[in-house]
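The structure appears right after this line, and notes come after that.
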Amino acid sequence: MKQLLTYLATGVILAAAITACNEGVVGSTDGDGEEGMSLVSVYLTDAPGDVAAVWVEVEEIYLQGGSEGRVYLLDEPTELIELTSLVGLAEPLVLDAEVESDHYGQLRFVIGGAVLEAADGSVYSKDGTAHPDGLPTTGELHCPSCSQSGIKVVLQGDDITFDGGAEDLLLDFDVTQTFGHRAGQSGRWIMRPVIHGVRMVEMGRISGTVALATDDAGEPLVTIPDCPEGTPRTLADFVPTAFAVNLTDDQGSPIVRTGVTDADGNFRIYALAPDDYELSYLGQLQLESDDLVWDAEVQPFGVTVPEGTEVTDVAYTITGASCVPVGDTDA
């Protein structure tokens, strides 16, 4: 079992129509709303962490801070949505909701029930939510930040302003930051929802490769260790990150996005708002009883992501990998 420290990011649609995000942005609206009104669509996306599955129930999505007070985009609970199935996909939660054209300071996301199935088959539940396949609950999924006021979506760039026409928003549910578990908390998982928001028309991507350092003969100089012992690790456990140079959240902290690497060493960081980004990586992956520690170099160090553009040819070279035992700590 692991604390999830591999981020998410992708975008698209999972419903009547399914389209891969790398084939283009999906728009649901064809026309404008009435004069003085805007049409808003909201999609949910994710990339998996190291668990078997995660399901969440979305109770409400609403805008706050406009002249009309709280404006609901979604006011009825969804069924349980399997976040870990949304790899390269996005679930449409709201289609063409009509709202006043206005400036809104916040977008909030209310979560009801949730279920996490760990890699070992144990099941953790929030508020007694049943596993979709009827598996028995073995522990608690605790969410100290879940409340009726909802989780504030971290907006990339300015606050939301709708000025007529149609707008598609992608909500990126960050499984990596949301769920955590340590051996000292073996009876439960901790859920602290982190959700990023970006306009679909703006979002760009960064992609490239992750490879082990090699000698002059092309032989690897680094071996990725089992961590913990008996659990193989691959390049897919390496997590690239992108730090926005200019964009900050409402607390003034830089927007940080992370990517997903496949076993062949291809990575992508999705759903990026236009900005300059400094590239790094998650140097320490927290596991149940050990940490997987990486040393790596990246070229180039920084890139500019224009609106709706994919920046390619970023290369990470892993120069070291080790498994470091740690003491029991709280999640």
Apart from one, (1) surrounded by fewer than 19 Cβ atoms within 10 Å (Cβ to Cβ); (2) out of contact with any helix residue (DSSP H, G or I) (no Cβ under 9 Å at 6 or more places or on another chain); (3) farther than 30 Å from G105 by Cα all hold for Y281; the odd one out is (1)
Out of the residues in segment 281-305 that are at pLDDT 95 or above and of a type outside the set (V, I, T), which is farthest from T234 (Cα to Cα)? G302
With the requirement that a residue be within 20 Å of A53 (Cβ to Cβ) and at pLDDT below 65, what does segment 157-184 give you? V175, T176, Q177, G180, H181
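The values are calculated or read from the model by the stated rules, or taken from the named source; none is laboratory data. The model shown is predicted, which means the values in this text are computed figures rather than measured ones. Glycine gets a Cβ as well: all are built from the backbone with ideal geometry, and neighbour counts include every protein chain shown.
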